[in-house]
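Input: a single structure, listed below in structure tokens.
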Amino acid sequence: MAETEREAAGGSGMPRFVRAPPMLQKPDQTTSPPQMSTPPGPPMFRSPLRPAAVPFRTSPASPQSAVSMPLNNTLPPSSPPSFAHSDLPLHFSPAPENVSLPAAPHLLFSAYKVLKQKKLANIPSLGLGILVSPARDISLGPQIIDRDPHRCHNCGAYSNPFCNILPVSGQWQCVICRNLNGSQGEYVASTKDELHNFPELSSPLVDYVHTSSRISGFVPVSDSRMSAPIVLVIDESLDEPHLQHLQSSLHAFIDSLPPTTRIGIISYGRTVSVYDFSEESTASADLLPGDKSPPEDSLKTLIYGTGVYLSPIHASLPVAHTIFSSFRPYNANIPEISRDRCLGTAVEVALAIIRGPTAEMSRGVVKRPGGNSRVLVCAAGPNTFGPGSVPHSSSHPNYAYLEKAATKWMDNLGRDARRQHTVVDVLCAGTCPVRVPVLQPLAGASGGALILQDDFGEAFGVNLQRASNRAAGSHGLLEIRTPEDIVISQVVGPGEEAHLDARENFKNDTSVSLQMLSVEETQSFSVFMELKRDIKIDHVFFQFAIQYSNVYQADITRVITVKLPTVDSISAYLDSVEDEVAAVLIAKRTLLRAKTASDAIDMRLTVDERVKDMALKLGSQVPKSKLYKFPKELTSLPELLFHLRRGPLLGNIVGHEDERIVLRNIFLNASFDLSLRMVAPRCLMHREGGTFEELPAYDLAMQSDTAVVLDHGTDIFIWLGAELSTQEGNCAAALAACRTLAEELSESRFPAPRILAFKEGTSQARYFVARLIPAHKDPAYEQEARFPQLRTLGAEQRAKLKSSFIHFDDPSFCEWMRSLKLVPPEPS
């Protein structure tokens, strides 16, 4: 889709345009918890974590090797190439020693060295990949540039710290295609040190800020930020218990919004009710039929009439509360699944309300919201009435055909929403099946998310807040440039191939360009690459350019350039592999193919074959045995993949296939932090004094005198041992500390995880047990090697722990490895 023209705010003081809105910044240690977080415990504190037992790192946020590591190695080649353009010597401008990317890097490579040999580098079981988080916030500083960038005339790459510079003429050499380019005299310098004054020549990450208006006739707005409108689309076919929870969540949500946010409220059943904010003391709505798409005449009458359907919070908060309080329970004696819901028509009306007249005039100034507009659908059941609907019962003789037609209609509606820069999030709750395959395309095609919740209570309200706050911008375009010896084979993430007219054209531009469905801090793209031929040089360069409009209406071009060394040695390459990043990339590529339950079973076998292939091609055979050793450099990778194959993404521990589909779609677009936790849970045991010790996610952690927190991304479980539960005071203190830790772990996560607390031996405890590796089946020496905390237990405690386990057929990690004829890797 071509990038539409948009207005940019004017005014002086450039830094203000790149500052992320407060709601998107990571809270610091003094930040209070979200208003609708899980039940409160004691005051917030930062729990000190003891070092983790193998194989988990103590910091799950990012791998140990930061992108800045290779970027600091900026020495020039010993013999810079010469050019026919000039016989002047080339002087390289190295980046300063303190050049580094932020602590939360935008780029995570599966390995920080590249194999030169094509045959070895293209082993499909491991491969080379990158996780790209385009919208990660960066601190303000010298990397902000208020001018146009210098770009290669041949391939379109940007100047960067690794370019060779001719200071006498100001010419610079492109690191991607080696073309020599002019700088209009800007890079002319008497000494190399002068070139360090250019941020793009001293920092591998820079933001170019453009604030001039791009639409003729538009006047820049002086406001620092204009809030994009939010329209709530609410299912009115709810029974009383669900309705009470939903009303509480909506009241709290509306109170949490900034006063300048424009809000709209629509409800739907057999008809669509569009609520009018001009009535101050009553809930007044205009009705539209739900059995068909709204006619243009009806929409024009609505939009150009006297009603006010989008209003800022500061002017309409009492009216919004009145509207929510006016909702009544569904009073007909009809099962939830059989109730008529015209969800599709309601979303069409919401998009029309957001679109409004061709321009919104205010005192002669045309204003345009920053970022994407958002439609938040609160659904308790499937779309069963009007366009895009499916029959009430899946046993309908023509259900498969009607579902396919409805899915296509919803996908088109989602694309229409994206064309008008509106994201549709569908938040479902309750016990009624919502027909996820039909609703998912509506959210996915618009750049939004579909979330399933148990009920409309507190967690639902948290997700409403985070859904409305999470946007970082709009009109996103991601360009990826790789060396000529490396080709991008696949990209997974919330985007699609960009149209030619959405980007500048250059003579030999071989970059891969993606139109981003939305621009958000919580998303990432997975980029998979292969070698076209053997690499002959000692370093390769990658460049990423992200163009988007931020919420302050400034156009940003973020440029990140990375330099990686190439090696001949497999051992040197394996030493540079980041196990956690590699596991997440493997998981994303695997989940892309796991579209159905039968596909998921096949993908478990694919994971098995992948692990075996890595051992056969990169490991070694045990002498006088048919067993193979896994590469010693990749000790934690097999266990991460074992968690993947038995967890909710590929395993059978979720209750319904709809849940797995939702988890799959969240995972494919999720950031590294959330993706890693969804693959492999993080286990933290409560200790005296309110501290927590990180342990491997083994069932050996279920010790009756302790409390354990298990963070599995979209779910956080708090397990209270039976012995601890008998000590009322200690149990309450441990539970409060665990809840506080759970809030801290998930305070910026979207979707907000479900937090469940239960005691040992209860029915809910099975959710916890199913996600832990059954290491109790291993010999004692292997248990101690992989779970060193056992050594602190006395003989009586170990005997009690051993007797508490129930036998079942699920293999332990060591048993699984041996079934593949592999030797389990030794703990590092």
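Some observations on this one:
- Pairwise centroid distance, computed over Cα atoms, of segment 473-497 with segment 253-307, Å: 39
- Relative contact order [Cα under 8 Å, 6+ residues apart], segment 272-313, whole percent: 45
- Cα gyration tensor shape of segment 616-707, rounded if a/c is under 1.5, else prolate or oblate by comparing a/b with b/c: oblate
- For Ile755, residues with placed amide H under 5 Å, excluding near neighbours: Ile716
- ³J(HN,Hα), Karplus 6.51/-1.76/1.60, whole Hz, each residue of segment 269-279, x for Gly, Pro: x, 7, 10, 10, 10, 9, 7, 9, 7, 6, 8
- Loop GluC sites (Glu not before Pro), segment 489-596 (other Cβ atoms within 10 Å of the site Cβ: 12 or fewer; DSSP): Glu504
- At an R0 of 25 angstrom, the distance between the Cβ atoms of Leu592 and Arg533 translates into a FRET efficiency of 0.40.
- Within a straight-line Cα-Cα reach of under 20 Å, Lys113 can be paired with the following lysines, leaving aside sequence neighbours fewer than 8 residues apart in one chain: Lys532, Lys536, Lys563, Lys617, Lys632.
- Note that segment 545-682 presents 32 Å² accessible area per residue, ligands and nucleic acids not counted, probe 1.4 Å.
- By a 1.4 Å probe calculation restricted to protein chains, Leu801 has an accessible surface near 20 Å², given to the nearest 10.
- Counted charge near Cys152, where neighbours are those whose Cβ lies closer than 11 Å (Asp, Glu -1; Lys, Arg +1): +3
- Of the GluC sites (Glu not before Pro) in segment 253-315, those whose Cβ has at most 13 other Cβ within 10 Å and which sit in DSSP loop: Glu280
- Inter-centroid distance (Cα atoms) of segment 691-721 relative to segment 741-789, Å: 4
- Coarse-grained scattering of segment 484-580 at q = 0.14, 0.19, 0.23 Å⁻¹, given as base-10 log I(q)/I(0) from a Debye sum over alpha-carbon atoms: -0.72, -1.18, -1.49
- Theoretical FRET efficiency, 1/(1+(r/R0)^6), r = Cβ-Cβ of Ser190 and Arg419, R0 60 Å, to 0.05: 0.70
- A 1.4 Å probe over all protein chains sorts Glu633, Glu688 by accessible area into Glu688, Glu633, starting with the largest.
- Close amide-amide hydrogen proximity is noted between Ser489 and Phe528, Met529, Glu530, each under 5 Å apart and 5 or more residues distant or on a separate chain (H modeled in the peptide plane; Pro and chain starts excluded).
- Cα-based shape type of segment 546-599, given that a ≥ b ≥ c are square roots of the gyration tensor eigenvalues and the cut on a/c is 1.5: oblate
- Hz values of 3J(HN,Hα) by residue in segment 175-186 - Karplus curve (6.51, -1.76, 1.60), Gly and Pro given as x: 7, 8, 10, 6, 6, 9, 10, x, 10, 6, x, 5
- Amide H contacts under 5 Å for Gly473: Asn372, Val519, restricted to partners 5 or more places along the chain or on a different chain, H placed in the peptide plane at 1.01 Å from N.
- Extension gain for Phe506-Ser625 works out to 37.1 nm (0.36 nm per residue, less the C-alpha to C-alpha distance).
- Heavy atoms of Phe642: accessible area, 1.4 Å probe, square angstrom to 10: 0
- Straight-distance candidates among the lysines for linking to Lys292, with alpha-carbon spacing under 30 Å and chain neighbours fewer than 8 residues away dropped: Lys300, Lys404, Lys408.
- Probe 1.4 Å - accessible area at Thr606, Å² to nearest ten: 40
- Efficiency of FRET between Phe808 and Lys632 - r from beta-carbon atoms, R0 25 angstrom, step 0.05: 0.20
- Across all C-alpha atoms in segment 715-828, the radius of gyration and Dmax reach 16.7, 49 Å.
- Tensor-based shape of segment 270-419 (alpha-carbon gyration tensor, a/c under 1.5 rounded, otherwise prolate or oblate): oblate
- Considering only alpha-carbon pairs that sit under 8 angstrom and 6 or more positions apart, the relative contact order computed for segment 459-516 is 48 percent.
- Comparing Met678, Leu710, Leu695 along the charge dipole axis of segment 670-711, the residue lying farthest to the positive side is Met678, per the Cβ-charge model.
- Between the alpha-carbon centres of segment 502-555 and segment 618-647 there is a gap of 33 Å.
- The label point for Arg178 and the one for Ala732, both projected 7 Å from the Cα toward the Cβ, are 7.4 nm apart.
- The 3J(HN,Hα) values that the Karplus relation (6.51, -1.76, 1.60; θ = phi - 60°) gives for segment 422-429 are, in residue order, 10, 9, 10, 9, 10, 10, 10, 8 Hz. Gly and Pro appear as x.
- Inter-site label distance for Arg791 and Lys617 at 7 Å from Cα along Cβ, in nm: 3.8
The values are calculated or read from the model by the stated rules, or taken from the named source; none is laboratory data. All values reported here derive from a predicted model rather than from experimental measurement. Cβ atoms come from the backbone with ideal geometry, glycine included; neighbour counts cover every protein chain shown. Quick note on the areas: whole protein, heavy atoms, side chains included, nothing else; ligands and nucleic acids left out. Shrake-Rupley method; radii C 1.70, N 1.55, O 1.52, S 1.80 Å.
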